[in-house]
Amino acid sequence: MSQQDSFKIIQEVSQRNDIFIESSESYPGAEKIIGEALGTKKFEKIIIKISPQSYSNESSFIGAVEKSLCNLNQSKVYAIMLHGVGDSLGKSKSVIRVGINSILKGGLSEKVGVSCYSISEVVETKAVFPEMGIYQLPENIVDTRKYSSRELSDLSAAGVIFQVRSIFLQGLLVNARSRLASRFHEAERLQQEIKTLAESQDMDSAELCLRYALSINWASQFVLGLDSYEDFRKNLGIIENARPEVSFEVAKGSDFLVDPRNWS
């Protein structure tokens, strides 16, 4: 995305109260771009992701949060989310607990939570850290295993916020590519199936995938990657205009395809 489009989106979002900006130290240069676009404006609707290497000790944990806040030109954000806690829960439990308390007591963030992959990670981290109030989970039209989850529905009803990410499976479900590695040939079939179903309902593949995410009853927020300002306006229009009785009946992806951790 061009810097011009990035600035335009960030500045427009900063005038609203219903859209969040997500960033991370692991997104090269992203935090500084956001900070430059916001300038001196205080905008707390930001979500920061902290990577696992920051859990090694208490000072590195808080240091990572403070560095991100500095890059963003903010003193406080909406949520700070830990990434990969499931893999380090045992050895980093005490560090995470102290870090969470410091973040909340210091007023650095309104909420703390976890970006994870499975329902079991949600249940386990919520049991260990009751303060966790926001989670990110992958879910999309070819990976519907969490759609009817009683655990997630019950937690949502109790006030836990769930964000859905990987709605387009990193673009693999909607972006036709002239050459895909042989291990991704399954995606070509799914792309065509999604496209055919979408067109039969007078929409494109991206809209169908997004409307699937919007239909999830335990989800209240959605994480969308953007390529342009035009993408931003298009997705916003879809979210703001409900469309009932949409069919999402397509084949499901293999375990390999639906988890990007398998791709490298």
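The values are calculated or read from the model by the stated rules, or taken from the named source; none is laboratory data. All values derive from a computational prediction rather than experimental measurement. Every residue, glycine among them, receives a Cβ derived from its backbone with ideal geometry; neighbour counts consider all protein chains shown.
Inclusion of Arg233 among residues that are among the charged types (D, E, K, R) and either buried (at least 21 other Cβ atoms within 10 Å of the Cβ) or closer than 30 Å to Ile100 by Cα (or both) is not warranted.
Which one of Gln163, Gln221, Gln170 is out of contact with any Ser or Thr (no Cβ under 9 Å at 6 or more places or on another chain) and over 18 Å from Phe256 (Cβ atoms)?
Testing whether each residue is out of contact with any Ser or Thr (no Cβ under 9 Å at 6 or more places or on another chain) and over 18 Å from Phe256 (Cβ atoms) leaves just Gln221.
Look at the stretch 9-56 and say how many of its residues are over 15 Å from the mean Cα position of the chain (by Cα) and of a type in the set (Val, Ile, Thr). Residues that pass the stated criteria total 6.
What is the residue count in the stretch 180-205 for residues that are among the small types (Gly, Ala, Ser), at pLDDT 95 or above and in contact with a helix residue (DSSP H, G or I) (Cβ under 9 Å, 6 or more places away or on another chain)? Even if it seems obvious, please write down each step before you answer.
Within the stretch 180-205, the subset among the small types (Gly, Ala, Ser) is 181-182, 187, 198, 200, 205.
Narrowing further to those that are at pLDDT 95 or above: 198, 200, 205.
Still in the running and in contact with a helix residue (DSSP H, G or I) (Cβ under 9 Å, 6 or more places away or on another chain): 198, 205.
Of the residues in that region, 2 qualify.
Look at (1) more than 19 Å from the chain's Cα centre (by Cα); (2) modelled with pLDDT of 95 or more and you find that Leu214 fails only one, number (1). Just one of the listed residues (Ser153, Ser118, Ser166) is under 18 Å from Asp255 (Cβ atoms), among the small types (Gly, Ala, Ser) and touching a residue at least 40 places away in the same chain (Cβ under 8 Å), namely Ser166.
On the stretch given as the stretch 207-237, residues that are in contact with a strand residue (DSSP E or B) (Cβ under 8 Å, 6 or more places away or on another chain) and assigned to a helix (DSSP H, G or I) total 5.
The selection criterion, being in contact (Cβ under 8 Å) with a residue 40 or more places away in the chain, in a helix (DSSP H, G or I), over 14 Å from Leu169 (Cβ atoms) and not charged (D, E, K, R), holds for Leu197. Restricted to the stretch 127-179, and to residues there that are assigned to a helix (DSSP H, G or I) and modelled with pLDDT under 95, the residue that is surrounded by the most Cβ atoms within 10 Å (Cβ to Cβ) is Val128.
With respect to Lys76, determine if the residue is surrounded by fewer than 18 Cβ atoms within 10 Å (Cβ to Cβ), touching a helix residue (DSSP H, G or I) at 6+ places or on another chain (Cβ under 8 Å) and at pLDDT 90 or above.
yes
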